1. Let me understand the chain better: what is its radius of gyration from the alpha carbons, and its Dmax, in angstrom?
2. Peptides 102-109, 125-132: what's the order by average Cβ count within 10 Å, highest mean first?
3. Place the peptides 149-158, 86-95, 67-76 in order of packing, highest mean first, counting for every residue the other Cβ atoms within 10 Å and averaging per peptide.
4. Give the calculated FRET efficiency between residue 110 and residue 152 to the nearest 0.05, with a Förster radius of 25 Å applied to their Cβ-Cβ distance.
5. Between the helical axis of 71-81 and the dominant principal axis of the chain, each derived from Cα atoms, what acute angle in degrees is found, rounded to the nearest 10?
6. With angles folded into 0 to 90 degrees, how steeply does helix 149-162 sit against the dominant principal axis of the chain? Use alpha carbons for both and round to 10.
7. Which residues among the stretch 62-96 fall inside the zone where the amide N is under 17 Å from a point 7 Å beyond the Cα of residue 30, along Cα→Cβ?
8. Among 38-46, 133-141, what's the highest-first ranking by average C-beta atoms within 10 angstrom per residue?
């Protein structure tokens, strides 16, 4: 499930692209690409709701990195192509493709790419590294001290967007 953080009086989304997104590419990109197109105002002038109610309509950023694989490459690629928000983190290896998985008699499991996935301009995503909009490394010595520069930069970017 996406992690929602309150970084202001309204909720804004900070979404890590998990290393294995489990075929939810379209669900996430559709949900994150929502646009507010209507508001509901009470008789006393308070805004009490809006459309779209089933899609995220506020700013978001997506954390990406070297560990993203398969759908966790496809998802941020679509997120970036559709200009939904900024990618923050490290480059993502080009691993977005369809794979046929096989298991041998001795238990070895291997995948055979059997179908290409193309991005919005028609480029094959397999072997096409995805660059973040904001590149941020997480130095090992800071990670072991529970400091995450990528999350800090992502929150900073969200705050910049709402100001």
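Where a number appears in this text, it was derived from the coordinates with a stated rule and is not lab data. Not measured: the values here are computed from a predicted model. Note: ideal-geometry Cβ built from the backbone for every residue, glycine included; neighbour counts use all protein chains shown.
1. 18.5, 71
2. In descending order of packing, they fall as 125-132, 102-109.
3. Top to bottom by mean Cβ count within 10 Å: 67-76, 86-95, 149-158.
4. It comes to 0.05.
5. Once rounded, the angle reads 50 degrees.
6. Orientation of helix 149-162: about 40 degrees from the principal axis.
7. 75-76, 78-79, 82
8. Ranked from most to least packed, the peptides come out as 133-141, 38-46.
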